[in-house]
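Data block below; observations after.
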Amino acid sequence: MRQSVLFTKTRKEAPSDEVAKNAQLLIRAGFIHKEMAGVYSFLPLGLRTLEKIKQVIREEMDAVGGQEIIMSALQDKEIWSRTDRWDDAKVDNWFKTTLKSGGETGLGITHEEPLARIMADHISSYRDLPVYAYQFQNKFRNEMRAKSGIMRGKEFLMKDGYTFSRDEEEHQKEYERVRDAYPRIFKRVGIDDITYRTFADGGIFSDFSEEFQTISDAGEDTIYVHEKKKIAINKEVYSDENLAKLGLKRDELLERKAIETGNVFHLGTRFSEALGLTYKDEEGNKKPVVMGSYGLGPTRLMGTLVEVHSYEKGLVWPKEVAPFTLHLIVLGEDAKARTEADDLYERLTEKGVEVLYDDRDASAGEKFAASDLIGIPYRAVISAKTLTAGKVELTKRSSGESALAEEEQLYSL
Ligand code: ATP
Ligand code: MG
C-alpha cells in the first residue's frame, strides 16, 4: 500500500483522557480511533493487525477441529431467563433495550445460551458428539473499569468457543485438546515465554477454571508464577489448600501483574439442562450434553502485544501479526531514487511481500518518526546514497540491526 493514499496520519500526541499505553500508541500510530471511554474503532492498519491475530487463532482452532460460526449480537431474553442470567441483579453488565414490537433484548455478553439452543436443533444422538464450535464476535459489556485501552472495552472482539461432549470423560479430552492449542497461539504472536497457564476461580460454573495470563505491569490481575513449572495461580484462589492441590510451595512462587489473555471453563450440564440440549446414548437413554467454553480476546491480545513489545518511540509488531512485513521508505527529491523505489515497490508486491511504501513528500525526519510509531518488522530505505551502492538499507525492527541488502533478500523476509 502506498502511504500517500493511506487516510490515517500518525500524530505526536494521544488524546489527553487516554491513560493506557496500548491505546495511546495505537491512536498515535493511526491504528485505532477512540470513540469514547472503552470504545474503539479499528482503522486500516489496526484492522490488518486484528485480522492477522484472528487468522492465527482461527488456524489453531481449526487444527483442533473447531467449526467457525457467527451468532447474533442481539439476544433473546427468554433463553437467558431460563439460565437465570438475564436479571441485572445476577449479571450486572448487560446493555439492554426495549423492542418497539414489545419486550426486551440485550447485546450479547457471551454466547453459551444461544449456542446451546442452536445445538439442541442439531444434536440428538451420541453419534453427533463431540462437537467444537467457535466464533469471532463483538461482545458488549457495560464494564466499569475503562483504564486499559483496548484491553478492556465495552465493545470488544472475542473468540469464544464451546465444546459439547457425551460425558465428563469425553469432555476432559476435548477440554485439554482446545486448551492445549492456546500456547501455540501465544507462541505464534511472540508472547509464549511470558504467558502462563494459571489456575483461577471457576465462578458459578466449577471449582476451577484455567486462564492464560501474560506478565505485564499493565495487567489488572495478580498471579503467583512458578517459572520452572511454567504454571501460575491467580491471587483470587491463592491459598495453602490450593497450593497443596497443585503441589506448589509458597517460597517458589513470584508475584506478578498479568493480563488475562484467555480462559477456559468446565461448564458441566448447567446450560444443556436448562435449554434442553440432550442426546440419546447407545442404550437409548436421554442424557444432557457436557459443555466447556474457551475464550480469548483478539483485541485484548492486540493491546497486550503493544504493552509488552513497544518502546518509547512506538510499536514493535511480531512479523506474524504486523500490518505489513516491510516498510519501504524513499528519501529525498532525487528523481532516480523515486523511480527505483516505485519499481521496487511494484516488484515486491508482485512477489507477495506485504509492503507499506512511504512515497509521501515528507522529510526524512517525519518519515522515520512515522515508521518508528507504526512498527513494521523490517524497514528498507532507498536514497541517492543507497542507489550508488546498488542496494537498500535494511533495518530489523526488533534488534535495530541495519545493513545494506540486495533486493533478493527482501523477497524472503
Ligand atoms: P476479565 O476478568 O478480565 O473481565 P472475563 O473473566 O470477564 O475477563 P471472559 O468473559 O471469560 O473474561 O472473556 C473471555 C476473554 O475475552 C478474556 O480472556 C479476554 O481475553 C477477553 N475479554 C473479556 N473482557 C474483555 C473486555 N472488556 N475487553 C476486551 N477483552 C475482553
Ligand atoms: Mg469481565
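Given the peptides 130-139, 390-399, arrange them by the average over their residues of other C-beta atoms within 10 Å, most packed first.
130-139, 390-399
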Problem set entry | Two-site label geometry, Ala120 and Glu346: point separation in nm, points 7 Å out along Cα→Cβ | 6.2 nm
For this session: For Ser16 paired with Ala146, estimate the spin-label separation in nm (one decimal), with each label point 7 Å from Cα along the Cα-to-Cβ line.
Result: 1.8 nm
For this session: Nearest 5 is fine: what % of DSSP beta bridges in region 3-311 come out antiparallel, could you say?
Result: 90 percent
Exercise. What is the dipole size for region 324-410, taken about its Cα centre, with +1 at each Lys and Arg Cβ and -1 at each Asp and Glu Cβ, in debye to the nearest 20?
Worked result: 260 debye
Problem set entry | Glu168 paired with Glu227, simple spin-label distance in nm, labels 7 Å along Cα-to-beta-carbon | 3.8 nm
Exercise. So between Ser399 and Arg360, what do we pick up on full extension, going 0.36 nm a residue minus the alpha carbon distance?
Worked result: 11.4 nm
Problem set entry | Calculated from backbone phi, Karplus (6.51, -1.76, 1.60) coupling profile of region 65-73 in Hz, x at Gly/Pro | x, x, 10, 7, 9, 9, 8, 7, 6
Problem set entry | Percentage relative contact order, region 139-227, counting C-alpha pairs under 8 Å, at least six apart | 15 percent
Seminar exercise, completed: the chain, Gaussian network, Cα under 10 Å: of Ser310, Ser16, Ser72, the residue fluctuating most is Ser16
Exercise. What are the GluC sites (Glu not before Pro) within region 293-388 that DSSP puts in a loop, where the Cβ has at most 11 other Cβ atoms within 10 Å?
Worked result: Glu312, Glu333
Seminar exercise, completed: Expressed as a whole-number percentage, the relative contact order of region 3-311 with C-alpha contacts under 8 angstrom and at least six residues apart is 20 percent
Problem set entry | Amide proton proximity set for Glu354, modelled H, under 5 Å, gap of 5+ | Thr325, Leu326
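Sort His122, His309, His111 so the one with the fewest other Cβ atoms within 10 Å of its own Cβ comes first.
His122, His309, His111
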Problem set entry | Cβ charges +1 (Lys, Arg) and -1 (Asp, Glu), total dipole of the chain, debye | 660 debye
For this session: Please give the contour-minus-distance gain from Leu387 to Asp201: 0.36 nm per residue of separation, less the Cα-Cα distance, rounded to one decimal in nm.
Result: 60.9 nm
Problem set entry | Dipole of region 270-370 [Lys/Arg +1, Asp/Glu -1 at C-beta], most positive-end residue of Ala337, Tyr294, Ala274 | Ala274
For this session: Select from Ile231, Thr110, Met151 the residue farthest towards the positive end of the dipole of the chain; place +1 on Cβ of Lys and Arg, -1 on Cβ of Asp and Glu, and compute about the Cα centre.
Result: Met151
Problem set entry | Prolate/oblate/rounded call for region 324-410, Cα gyration tensor, a/c under 1.5 rounded | rounded
Seminar exercise, completed: Correct semi-axes for region 1-153, from √(5λ) of the alpha-carbon gyration tensor and rounded to whole Å with the largest first, are 34, 23, 13
Exercise. Hey, any idea what the orientation-averaged projected area of the convex hull of the chain's Cα atoms comes to, in nm²?
Worked result: 24.1 nm²
Exercise. Expressed in nm to one decimal, what extension gain is obtained for the pair Glu255 and Ala335 from 0.36 nm per residue of sequence separation less their Cα-Cα distance?
Worked result: 23.0 nm
Exercise. Taking H as built 1.01 Å from N, whose amide H comes closer than 5 Å to the amide H of Glu68, not counting residues under 5 places away?
Worked result: Tyr134
Exercise. Mind checking Rg over Rh on region 1-51, alpha carbons, Kirkwood formula for Rh?
Worked result: 0.97
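Which of the peptides 290-302, 79-91 is most tightly packed, and how do the rest follow, judged by the mean count of other Cβ atoms within 10 Å per residue?
Per-residue Cβ counts within 10 Å, averaged per peptide and sorted highest first, yield 290-302, 79-91.
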Seminar exercise, completed: Which of Lys139/Lys287; Lys173/Lys280; Lys159/Lys396; Lys336/Lys385; Lys159/Lys187; Lys187/Lys396 exceed 22 Å between C-alpha atoms? The answer is Lys139/Lys287; Lys159/Lys396
For this session: Scan region 184-249 for GluC sites (Glu not before Pro) in coil per DSSP, keeping those whose Cβ has at most 12 other Cβ atoms within 10 Å, and list them by number.
Result: Glu227
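A short reminder: the numbers here are calculations on the coordinates, not readings from a lab. None of the values given here were measured: they were computed from a predicted structure. No Cβ is skipped: glycine too gets one built from the backbone with ideal geometry, and neighbour counts run over all protein chains shown.
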